Amino acid sequence: MSIIQKIKDIEDEMGRTQKNKATSGHLGSLKAKLAKLRRDLLEPSTGAKGGPGGEGFDVTKVGDARVGFVGFPSVGKSTLLTKLTGTFSEAANYEFTTLTCIPGIVRYRGAKIQMLDLPGIIEGAKDGKGRGRQVISTARTCNLILIILDCLKPLTHKRLIEHELEGFGIRLNKKPPSITFRKKDRGGINFSCTIQNPKLDLDAVKAVCAEYRIHNADIHMTDDHEVDDLVDVIEGSRIYVPAIYVVNKIDQITIEELDVMDRLPHYCPICAFHEWNLDGLVEMAWDYLDLVRVYTKPKGKLPDFNEPVVLHRQRCTVEDFCNTIHKTLIKQFKYALVWGASVKHRPQRVGKDHVLLDEDIVQIVKRI
């Protein structure tokens, strides 16, 4: 039996099984089997370990952040890239006009943002249909995903694309589960939780661990999570990426329909052809990327406001700032002088662990 057929059989069995406390262990075991089969499907056939499965498009990562356009064929991805970046990406009235990845650059607030126009995916992309595996492998490398939707059928396309991305280990607009998982040599499975009546119980935890042949482990949960979250933590290869649902071709719908879409979370209505709300889309993408601009100040000179050092919010200490400029700089680091919102007085002398905020000014003092 092929892996795809096994996946279908397990999904069918999960659909037939009622969800309650008595079946939580069985469902947990099925979900763990499903995750293992999908991992086997996506990993290279050579069996080499490490790295995400599947091959992406050979596009060099440039700039300070990478944004990928994902969507079904003929929803306007190529037109959007051309309008935003000036890079020509062929657009036509037939499907699959774009057959490879077309990159472009947007300069915004001093940062260089790389935009990738990916070929249209089809239903079953996560199982290798079309060029889906390459498209989604490249999407895994992005800091932000723009899911381009046709305004005439946005919810249908949204559900299908989310299903394909979820099957490839991409979690959209989610934070990593607050579950601590640690293997040990003996003592069995110990499960603890800081909240009362959690969705995840000991039977489900043991069933999932048994499927992975884990018999001794400490598992601690600080929030209410489901079996899927535990499977994600054990698998360890999940990518948590922010996403914006870009509803294109809004010139084809009424004002009332547009007003409803505009209230939905993570949605941004645009018309790429008429260039409606493209500035709003870029500004929203900037907020979701959550970048930090830091300006350099040489000793005795004015700060350089033209070329900021752009850091990601999760890695924006003075040490990260030094490593971005040059790997050897941290070895000569003595202290830094900082002007900006991250310090109480200006300038303030700080160490390498100080966390920088947007538009801070930094002067590095080296050891003599």
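By accessible area, using a 1.4 Å probe on protein heavy atoms only, the range 200-260 has 48% of its surface on carbon and sulfur. The alpha carbon centroids of the range 189-260 and the range 3-43 are separated by 15 Å. For the cross-link pairs LYS83/LYS175; LYS36/LYS174; LYS158/LYS199; LYS31/LYS77, which exceed 29 Å when the distance is taken from alpha carbon to alpha carbon? Flagged as over cut-off: LYS83/LYS175; LYS31/LYS77. Rolling a 1.4 Å probe across all protein chains gives PHE191 an accessible area of roughly 50 Å².
On the range 291-366, 50 percent of the accessible area sits on carbon and sulfur atoms, based on a 1.4 Å probe.
Dipole size of the range 291-366 about its Cα centre, with +1 on Lys/Arg Cβ and -1 on Asp/Glu Cβ: approximately 360 debye, rounded to the nearest 20. Which cross-chain or sequence-distant (5 or more) residues have an amide H under 5 Å from the amide H of LYS199, H modelled 1.01 Å from N in plane? Those qualifying (amide H under 5 Å, at least 5 residues apart or on another chain) are HIS225.
Here's the picture: charge each Lys and Arg Cβ at +1 and each Asp and Glu Cβ at -1 in the chain, and of VAL343, LEU357, GLY15 the one pushed furthest to the positive end of that dipole is VAL343. Rounded to the nearest 500, the 222 nm mean residue ellipticity of the chain from helices alone is -9500 deg cm²/dmol, with -39,500 (n - 2.57) taken per DSSP H run of at least 4 residues.
Accessible area ranking (1.4 Å probe, heavy atoms, ligands and nucleic acids excluded), largest first, for VAL355, VAL247: VAL355, VAL247. The radius of gyration of the Cα set in the range 291-366, together with its Dmax, comes out at 11.0, 31 angstrom.
Counting only protein heavy atoms and using a 1.4 Å probe, the accessible area of THR180 comes to about 80 Å². When LYS199, LYS299 are compared by accessible area at a 1.4 angstrom probe, the order from most to least is LYS299, LYS199.
Quick one: in the range 132-189, what % of C-alpha pairs are over 13 Å apart? Cα-Cα pairs in the range 132-189 separated by more than 13 Å: 71 percent. Taking every C-alpha pair closer than 8 Å and separated by at least 6 residues, the mean separation divided by the residue count of the range 200-278 gives a relative contact order of 23 percent.
For LYS299, the lysines whose Cα comes closer than 24 Å to its Cα, not counting residues fewer than 8 places off in the same chain, are LYS327, LYS331, LYS334, LYS344, LYS352, LYS366. Label separation (ASP304 vs LYS366): 1.5 nm, computed from points 7 Å beyond Cα along the C-beta direction.
Farthest towards the positive end of the charge dipole of the chain, among the residues GLY187, LEU155, TYR267, is the Cα of GLY187, using unit charges on the Cβ of Lys, Arg, Asp and Glu. GLU166 contributes an accessible area of around 70 Å² to the protein surface, as traced by a 1.4 Å probe with all chains present. Write down Rg/Rh for the range 171-300, rounded to two decimals, with Rg from the C-alpha atoms and Rh from the Kirkwood relation over Cα pairs. Rg divided by Rh gives 1.19. Bridging of LYS19 to aspartates and glutamates at a Cα separation below 18 Å is possible for ASP9, GLU11, ASP201, ASP203, ASP224, GLU226, ASP228, ASP229, once same-chain residues fewer than 8 apart are set aside. Annotation: peptides 342-349, 252-259, 212-219, ranked by per-residue average of other Cβ atoms within 10 Å with the highest first, follow the order 212-219, 342-349, 252-259. Applied to the range 136-150, the Karplus parametrisation 6.51 cos²θ - 1.76 cosθ + 1.60 on θ = phi - 60° returns per-residue 3J(HN,Hα) values of 6, 4, 5, 4, 5, 8, 8, 7, 8, 10, 9, 8, 7, 10, 7 Hz, with x for Gly and Pro. Over the range 236-355, the reciprocal of the mean inverse Cα-Cα separation, the Kirkwood hydrodynamic radius, stands at 17.8 Å.
Under 5 Å from the amide H of CYS193 lie the amide H atoms of MET221, each residue being 5 or more positions distant or on a separate chain, with H modelled from the backbone and absent for Pro and chain starts. If you wrap the chain in the convex hull of its Cα atoms and look at it from every side, the mean projected area works out to 24.2 nm². Computed extension gain for ARG349 through ILE105, at 0.36 nm per residue and net of the alpha carbon distance, reaches 84.2 nm.
The values are calculated or read from the model by the stated rules, or taken from the named source; none is laboratory data. These figures come from a predicted structure and were not determined experimentally. Every residue, glycine as well, gets a Cβ built from its backbone with ideal geometry; the counts of neighbours run over all protein chains shown. Ligands, DNA and RNA are stripped out before the accessible areas are found, and what is left, the full protein with its side chains, is counted by its heavy atoms. Shrake-Rupley method; radii C 1.70, N 1.55, O 1.52, S 1.80 Å.
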